Amino acid sequence: VRDRTKFLLVLRITDNGKGAPGGFLPGDASGVRLVPDPSPDLATPEARLSFLAREHPLLPWPPALRGRGDAWIAVGGAGGTALMAEGGRVIPGDRSCAISCWIYDRAAGRLWSPEAAPSLLRLAERHLPLPEVTARAGRFTLGLGLWPCPEAPEGAPPVAIGEAQVYNSSDRPREVELLIAVTPFAPAMTAGSPPAMPVTRVAWDPATQAILVNGRPEVVLGGRPDAFGAAPFAGEWALARDLARGLLASATAVEDAGESLASGAALYRLRVQPFGSRTLTFRVFLGDPPAALDGATAQAVREVDRKAGRKETLAGWHRRLTGRDRIFLRVPATEKGAQDAFYASLGHLLVASDAGLVGEADQPAALAALARSGEAPGAPGWPTWGPASGGGPVGRADPMEWTRSGTWRCGEALDLAVAATRGGDGDRAGAILGWCLAHPAVPGAFAWAGAADPTTGRHCDGALPDPGAAARYVVALRDMLLQEEGDVLVLTPAVPEAWVRPGSQLELRRAPTAFGILPWFVMASTPGRLTLRLLSAEKLGNKGRGPQVRPDEAAAPPGGLKWRIPTARRIRQVVVDGAVRRALPADRLVDLPPGTRLVAVIW
């Protein structure tokens, strides 16, 4: 070494397991290992990976290996569920591999991944359960998306479409290499699951343009790559780096029976014009992958129109969540994210329900949420679910104090929010919902974990998004605006005082109830008064403002309709359709006779 720097080299002699005298046969290389540190011998791949991640924290290890939980979003389809992690890794179900994307800036000589670059995970249009990751990497921006194909080609298994888009943010053409890697690194879905899945063999099949993992096709690439490389126990960053720099000879297959940590990567050399972009796609199988893939099926999978598929998927989610025949709600704009979180939580719950991922303990809450959103066909009666007990402190303490065994469970906090709505305590319910919105496990995706680390808010156990928490959020927000009390239907039973400040407005349309569908009401606040306007099904249809509610399906509660006047402000006068009510309601409940159109409260 030129500068005479001293290095420590450790030579460890281990037993070769052959029972030879002294435990070592001279000349037998299997009994000698070179290690970077004289640490204890680590037997399992997970232990070795965790050790290396701690020793070299600057490398782009997956979050689970760096000692913190992963954040990921479930994407549902007719044939199963896939995941997209915060760093852009795609997990095709609970199987054997993860797919990640990398870009290599040839001019800068730097390899980027969403794990190493500043990245943002969000939902499409803020509330549709389709994840999108944007990572800024030097002169380039890497955008990643994942959505299920609405209709699989005839005779082909259902697939999800992954899309990688490279955008050149500079004013001159740039050379970049995009890599799509298959690795054993996956999100640790629960505290006990390993961050690495066993991958003993990775192979490239040029005939079908498919990457085979453990002998089965896992990924079908949309275009033929310029090169494909594979390596045993190299780490996805090292494999991608060496392949991009031309240091790794192109290999079509690799065996890694000992470590079970094989990796493979397809490389595309791209020239991106100034402020232009290039897009590449890949397909992953949602259900169990086929045992084999013939050329015709692979061609049909590749020819799925990604733009039409995405457009159809978005339109399908719009129809299912916010269509003209679905519940619509609006809360004041000052309550950031509350409205989007309602639809996002409903979407997360629908994905989990379609995939059979809702646990037995969360079934009652899920049924109640689906009924309140019109998504529980054939439900036996109206589910009257509520938390078994208030649980936790009864004061207005910070929800982070409601931890058990060192974890924070959002579902337990939302149980308290639902209980608060039943008691008419809108301020407490609103405070809990606001705190949960400010502390998601996945910022920008309105997702909470089954259990989170109370110091970081990161996922540490259970599902993500947690269907139980999603269901409870839907129930809590809907029951703040509309609630069944015996045979009476009450409007705004638990609205926080902050939601009725001058200039604020609440709106609810086509809301399923135990007594039918409530067509529409809007509550608006001005400095001197609070007004409630209602429209019947006939009036609503005639005005063309939708949704269309048939008179026979409109809500007709036996005990009538009532309005609980929010806040504790002193009421000077109540006017119902122009007639002044002489008696002011002590319980702040105003009877609304059939046909009521406008109620005004004068402070």
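The values are calculated or read from the model by the stated rules, or taken from the named source; none is laboratory data. From a predicted model like this one, the values you see are computed outputs, not experimental measurements. So basically every Cβ, Gly included, is an ideal-geometry build from the backbone, and we count neighbours across all protein chains shown. These area figures cover heavy atoms from the full protein model, side chains too; ligands, DNA and RNA do not enter into them. Shrake-Rupley method; radii C 1.70, N 1.55, O 1.52, S 1.80 Å.
Brief remarks on what is shown
- Candidate set from the range 585-594 (those that are out of contact with any Leu (no Cβ under 9 Å at 6 or more places or on another chain) and open to solvent by less than 80 Å² (accessible area, probe 1.4 Å)); member that is farthest from Ala555 (Cα to Cα): Pro585
- Residue match in the range 252-263 (condition: hydrophobic (A, V, I, L, M, F, W, C) and either under 30 Å from Leu128 (Cβ atoms) or modelled with pLDDT of 90 or more (or both)): no
- Selection status of Leu350, at pLDDT 90 or above, in a helix (DSSP H, G or I) and over 20 Å from the mean Cα position of the chain (by Cα): no
- Count of the range 358-379 residues which are exposed (fewer than 14 other Cβ atoms within 10 Å of the Cβ), modelled with pLDDT of 55 or more and not acidic (Asp, Glu): 2
- Residue match in the range 202-217 (condition: open to solvent by 20 Å² or more (accessible area, probe 1.4 Å), more than 22 Å from Leu243 (Cα to Cα) and of a type in the set (A, V, I, L, M, F, W, C)): no
- Candidate set from the range 397-422 (those that are modelled with pLDDT under 80 and in a loop (DSSP other than H, G, I, E, B)); member that is nearest to His439 (Cα to Cα): Asp398
- The set of residues in the range 323-372 being in contact with a Lys or Arg (Cβ under 6 Å, 6 or more places away or on another chain) and either under 13 Å from Gly411 (Cβ atoms) or among the β-branched types (Val, Ile, Thr) (or both) consists of Ile327, Ala365.
- Considering (1) farther than 22 Å from Val75 by Cβ; (2) under 28 Å from the mean Cα position of the chain (by Cα); (3) surrounded by 22 or more Cβ atoms within 10 Å (Cβ to Cβ), the lone condition that Leu518 does not fulfil carries the number (2).
- Qualifying residue in the range 98-110 (condition: modelled with pLDDT under 80, open to solvent by less than 30 Å² (accessible area, probe 1.4 Å) and among the hydrophobic types (A, V, I, L, M, F, W, C)): no
- From the list Leu321, Leu314, Leu239, Leu293, the one residue that fits, being outside any strand (DSSP E or B), buried (at least 20 other Cβ atoms within 10 Å of the Cβ) and under 23 Å from the mean Cα position of the chain (by Cα), is Leu321.
- Looking across Pro454, Pro440, one residue alone is touching a helix residue (DSSP H, G or I) at 6+ places or on another chain (Cβ under 6 Å), within 26 Å of Ala64 (Cβ to Cβ) and assigned to a loop (DSSP other than H, G, I, E, B). It is Pro454.
- Restricting the search to strands (runs of 3 or more DSSP E) fully inside the range 473-580 and requiring at least 3 residues that are farther than 28 Å from Leu349 by Cβ and at pLDDT 90 or above gives 529-535, 561-564, 573-576.
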